[in-house]
Every structure is written in structure tokens, then in C-alpha cells.
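Note sheet for the following structure.
The values are calculated or read from the model by the stated rules, or taken from the named source; none is laboratory data. Keep in mind it's a predicted model, so treat the numbers as computed, not measured. Note that we place each Cβ from the backbone using ideal geometry, even for glycine, and neighbour counts take in every protein chain shown. The area values use the complete protein model at the heavy-atom level, side chains included, leaving out ligands, DNA and RNA. Shrake-Rupley method; radii C 1.70, N 1.55, O 1.52, S 1.80 Å.
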Amino acid sequence: VSYLDPFQMAFTESRLEAIAESETVDFEGAYQKWLEIENRSVTQGKTSNAFLWLDPSGLIRKTYTPGIDRQTFDCDPVTARYVISKEEFDASVFKDMPLLGSYPKVSDSGTAFFRITSPLLSQDGSVSSRTNQRATRVDQKSWDVQVTSSGLGVDPDQDPVDASMLASAGLIDWKDPVVNRWVESQKALGEDLQPTETEQVSERSRRQAVVARKWIAKGVERLELDRNLQPPAITLRDRKGDFMDQAIALSAVLRSLGIPSRIAIGFRTEPSTVRPTFQFYCWVEYHDSVAWIPIDSFIDSDLVPADRVKISESAMPSINAYEPFLSAIRLMPDVEISARARKP
């Protein structure tokens, strides 16, 4: 489409592509089945992208412009004035950031596709291709990432377990007496962790990991993210912690049960909000003797949905506990993540 842009007083060439007809949130946060259209425009040599959502009658109900981080909704004038008057942005380094494009409820399908773009993603291996994620480099600063609820990563033989994933070291000090007493108190509540005669090692590991996740999920209060990292002894003693604290505590409990574990670090998307976002996040991966499996005590499910993009994983062996998280945190000021219902 070629047209005169009245705001820039110049001709614009736009290429419109229908992406998918899928569920996306409206102004009130309710899911609507709208057609998503990507608009790639060139005006006086400058390129820009935008996304439009059309209802079945063809009316535009929602737009998003990544370059200026502007999302608009169709609503009544009174509500529009009220929303504009509110302060919407938080200057924190951990602030939620916009998710480009429509984001369907992938927890139902178990598969999601993302594109992550940042000038800092210039090296091979900048985005992890392990566990349940496969990353494909697009160009110098972009990667396409496919995530499933299980499987898909590199061959397990190329992602082996080493001693650091069972060690009581760094922040994951599972040999702390407080941690051991807490684990024993949970065992005393009646969960049978002993292997059966016919049970395979992988089956036992998965069963024990699910039990450990429930211990943390039920026994530790979920707090908002802060900038402090707690050792597992404090999290279990005080029975509260944010997702970073809980991931570290869960990893410690798993290792105390003889299950190798590591911390997955990246971003988690929030599709159900009025303004879909992604945020810095971390969770746990454990090895069942066959493959690595994601697990998360900060959600109400034993199965981790495909709602996250992993940048890296770490056994947390160092006393410098913050270092493993920096690879993802440093991307926050200058990263774009787009979501698709199908493979790009």
C-alpha cells in the first residue's frame, strides 16, 4: 500500500501481512479472537514496524508500535482520558517490558515461538539451545527461539551432568543444617520418596522433583522481586522469597535428594495482562538421569508452560552469585521480544 502520511507529510510504502487469527487481550484484559496484521513501513528511507488487530467486522481494535513503545486500544473517550492521566512506567531495571505482537495462550498447545533481538546478542551461543528450547540465529542481533513444555533441546549426550550440579557450593549450600532440617521435616509429613522395585531411576527422579516443587510451592510465600539474593537456608527458615530465592532454594532441595539441578535464566512472558509484557525471570532445571527437565515452584503447575525464553543456565558454583544473572539483566534496556502462534 502506498499513501501520503499526513503526520510526516511524505509518502509511505507499507507491506501488510496477516499473521494469524488468534486470541489476544482487549482493553479490559479479556481474550478476543482478532486477526493480527504486521505493518512494515518505509517513509523517506526510514523503516518502522507496527502491529494491528482487527475484529471480525474489519475494525482496528488494538495497535502496537515497537519503536516508540506505544500500544493503543479501542475504548470510550472517558476511559481513554483516565488511562492517559495515569503514570504507566517504572524506572526499575527489572521493569516489565512490552511483548511485540499477539501472544496466544501457549500453555494449551505446549509450544511457542519467539524472536529476541538486541545488539548485545552478537555471538553464537548467546541464546541457549538446551533442555526444552532451540535457538536459531537470524542475523547479527536476532535469534528465533522455539520453546516446548518438554524436549526439543540439544542431544542430552551433549549436555551432560557435572559435579557442580550436585555440589553444595556458592549460594546453593544444601548442606546447611537449616536446609537439612527443613527437608527432613517435609519428609516427615508423609511423602514417600523411596524407590519402588519396578521404578526406573528417571521415574524416581521425576517423582521426587515434583514432590520437592510442591514442598516449596506450598511452604514458601511468593514475594515480589527485589534485588537481594537469599541463600536457601534463609528462604526456608523465613518461608518466603521471590522467584530468584525460590529457584535457588528448590535447586538446593533437589541436590539434597541427589538430583542434579541448575538455574535457568531469561524472561517470562505475561500474556494475560491488558498490556502483554515480559520480565526478567529464572526457574530450575533438573536431570532425571536421561534429560534435563524444567520445573518452577513459583507457578501453580508441575508442568512448566512454554511462556519463557531462556538466555543461559548456571549451576551457580561461584560465590559471586549475581554474575550468572547478568547475561539476561544486561539485555533489559535494549531488547525486543516478539511472540508468534506459529514458527517464523
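Quick rundown of the values:
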quantity: Furthest towards positive pole of dipole, M165, P324, V210, structure part the chain, Cβ charges; calculated: P324
quantity: Three-way shape label, segment 303-344, alpha-carbon gyration tensor, a/c 1.5; calculated: oblate
quantity: The chain, accessible area per residue, ligands and nucleic acids excluded (1.4 Å, Å²); calculated: 50
quantity: GNM result for the chain, Cα springs below 10 Å: residue of R206, R268, R227 fluctuating most strongly; calculated: R227
quantity: Heavy atoms of W292: accessible area, 1.4 Å probe, square angstrom to 10; calculated: 20
quantity: Label-point gap, in nm, between A188 and V1 - each point 7 angstrom along Cα→Cβ; calculated: 6.9
quantity: Rounded, prolate or oblate (a/c below 1.5 giving rounded, otherwise prolate when a/b exceeds b/c) for segment 223-296 by Cα gyration tensor; calculated: oblate
quantity: Partners for K175 among aspartates and glutamates (Cα-Cα distance below 14 Å; same-chain residues under 8 apart left out); calculated: E184
quantity: Cα centre as origin, Lys/Arg/Asp/Glu Cβ charges: segment 141-251 dipole, Debye; calculated: 460
quantity: Most fluctuating residue given options E197, E28, E323, as computed from a GNM of the chain linking Cα atoms under 10 Å; calculated: E197
quantity: Estimated FRET transfer efficiency when R0 is 35 angstrom, pair L16-T136 (beta carbons, to 0.05); calculated: 0.85
quantity: Candidates P232, P305, P56: whichever shows maximal mean-square fluctuation once the chain is modelled as a Gaussian network with Cα springs under 10 Å; calculated: P56
quantity: Over 22 Å (Cα to Cα) - which of K62/K141; K240/K310; K214/K240; K46/K141; K310/K343 fall in this group; calculated: K62/K141; K240/K310
quantity: Accessible-area composition of the chain, carbon plus sulfur, in percent [1.4 Å probe]; calculated: 51
quantity: For the chain, size of Cβ-based charge dipole, Lys and Arg +1, Asp and Glu -1, in debye; calculated: 200
quantity: About the Cα centre, charge dipole magnitude for segment 161-210 (Lys/Arg +1, Asp/Glu -1 at Cβ), debye; calculated: 100
quantity: Correct choice for mean projected area of the Cα convex hull in nm² that was computed from the model, options (1) 18.6; (2) 30.9; (3) 20.2; calculated: (3)
quantity: Three-way shape label, segment 259-344, alpha-carbon gyration tensor, a/c 1.5; calculated: oblate
quantity: L120/K218 FRET efficiency (R0 41 Å; Cβ-Cβ; nearest 0.05); calculated: 0.60
quantity: Degrees, to the nearest 10: 177-187 long Cα axis against longest axis of the chain; calculated: 90
